[in-house]
Amino acid sequence: MRIGIVHGPNLRLLGRREPEVYGSTSLSEVDLALGSLAGELGVELEVFQSNHEGEILDWLEARAGGLDGVVINPAALTHGSIGLRDALLGLSLPFVEVHISNPHAREPFRKESVLADVASGVVFGFGPESYLLGLRGLHARLSS
């Protein structure tokens, strides 16, 4: 099983950016935890981060045939990227949307996701653990 992990805009700043919202865990620490869990689950990961929507779309398109599913933290793209929505739908692969914070406990504009209604699942509010829960959930779905 091969799963793509996509980190959207500004996630390289994890551990430094608004630690009261996102915590002190860095993106490299998130990736290490994901790699460890992937090893336990017998899953191969392909990890990608970009601050640019087009790069994310290109990455997804280039890997369409080589992935079984995607765990994505779309970050700010959550709230208005129809291009990302269309790309994920075009893959015809299950995907899980994850967020470190709870968008429903934040500013009103963060409450709407253009991806949630087409995602296999959405996990948010558990800090970096949201990624691990998303990976576990996607693995379970793909294994059944």
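Tally time: how many residues in segment 96-110 are crowded, with 18+ Cβ neighbours inside 10 Å and acidic (Asp, Glu)?
Qualifying residue count for the region: 1.
Condition check: touching an Asp or Glu at 6+ places or on another chain (Cβ under 6 Å), closer than 27 Å to Gly42 by Cα and part of a helix (DSSP H, G or I). Does Leu142 satisfy that?
Details: touching an Asp or Glu at 6+ places or on another chain (Cβ under 6 Å): yes; closer than 27 Å to Gly42 by Cα: yes; part of a helix (DSSP H, G or I): yes.
Considered against the rule, which asks whether it is touching an Asp or Glu at 6+ places or on another chain (Cβ under 6 Å), closer than 27 Å to Gly42 by Cα and part of a helix (DSSP H, G or I), Leu142 comes out as yes.
Of the residues Leu93, Leu60, which is part of a helix (DSSP H, G or I), touching a Leu at 6+ places or on another chain (Cβ under 9 Å) and surrounded by 13 or more Cβ atoms within 10 Å (Cβ to Cβ)?
Of the residues listed, the single one that is part of a helix (DSSP H, G or I), touching a Leu at 6+ places or on another chain (Cβ under 9 Å) and surrounded by 13 or more Cβ atoms within 10 Å (Cβ to Cβ) is Leu60.
Any idea which residue in segment 42-54 is farthest from Ile3 (Cα to Cα), counting only those that are of a type in the set (A, V, I, L, M, F, W, C) and in a strand (DSSP E or B)? Break it down into steps so the answer makes sense when it comes.
Within segment 42-54, the subset of a type in the set (A, V, I, L, M, F, W, C) is 43, 45, 47-48.
Going one step further and asking which of them are in a strand (DSSP E or B), we end up with 45, 47-48.
On the way: Leu45: 5, Val47: 9, Phe48: 11 Å.
Among residues in segment 42-54 that are of a type in the set (A, V, I, L, M, F, W, C) and in a strand (DSSP E or B), the one farthest from Ile3 (Cα to Cα) is Phe48.
This table checks each residue for (1) of a type in the set (Asp, Glu); (2) under 15 Å from Ile5 (Cβ atoms); (3) under 13 Å from the mean Cα position of the chain (by Cα).
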| position | (1), (2), (3) |
| --- | --- |
| Gly35 | no, yes, no |
| Ile56 | no, yes, yes |
| Ile72 | no, yes, yes |
| Ala76 | no, no, yes |
| Asp86 | yes, no, no |
| Leu89 | no, no, no |
| Ile100 | no, yes, yes |
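Okay, residues lined up against (1) exposed (fewer than 13 other Cβ atoms within 10 Å of the Cβ); (2) among the hydroxyl-bearing types (Ser, Thr, Tyr); (3) in contact with a Pro (Cβ under 7 Å, 6 or more places away or on another chain):
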site	(1), (2), (3)
His7	no, no, no
Leu11	no, no, no
Ser24	yes, yes, no
Leu34	no, no, no
Glu40	yes, no, no
Val43	no, no, no
Ser50	no, yes, no
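Which residues, taken from segment 114-124, are in contact (Cβ under 8 Å) with a residue 12 or more places away in the chain and over 13 Å from the mean Cα position of the chain (by Cα)? Reasoning before the result, please.
First pass over segment 114-124, keeping only residues in contact (Cβ under 8 Å) with a residue 12 or more places away in the chain: 114-116, 118-124.
Selection gives Val114, Val118.
Output the residue which, of all residues in segment 15-33 that are over 21 Å from Leu135 (Cβ atoms) and among the acidic types (Asp, Glu), is farthest from the chain's Cα centre (by Cα).
It comes out as Glu20.
For the list (1) modelled with pLDDT under 95; (2) surrounded by fewer than 18 Cβ atoms within 10 Å (Cβ to Cβ); (3) β-branched (Val, Ile, Thr), I need the number of the one condition that Ile82 fails.
In the conditions (1) modelled with pLDDT under 95; (2) surrounded by fewer than 18 Cβ atoms within 10 Å (Cβ to Cβ); (3) β-branched (Val, Ile, Thr), Ile82 misses (1) alone.
Can you tell me which residue among Gly35, Gly134, Gly65 is part of a helix (DSSP H, G or I), small (Gly, Ala, Ser) and farther than 30 Å from Glu20 by Cβ?
Numbers: Gly35 fails: farther than 30 Å from Glu20 by Cβ; Gly134 fails: farther than 30 Å from Glu20 by Cβ.
Result: Gly65 is the single residue among Gly35, Gly134, Gly65 that is part of a helix (DSSP H, G or I), small (Gly, Ala, Ser) and farther than 30 Å from Glu20 by Cβ.
When you go through Glu46, Glu40 one by one, which is the residue that is of a type in the set (Asp, Glu) and in contact with a Gly (Cβ under 6 Å, 6 or more places away or on another chain)? Working first, answer last.
Numbers: Glu40 fails: in contact with a Gly (Cβ under 6 Å, 6 or more places away or on another chain).
Just a single option satisfies the conditions, and that option is Glu46.
The values are calculated or read from the model by the stated rules, or taken from the named source; none is laboratory data. What you see is a predicted model; the values in this text were computed from it and never measured. When we count neighbours, we look across all protein chains shown, and the Cβ atoms used for this are built from the backbone with ideal geometry, even at glycine.
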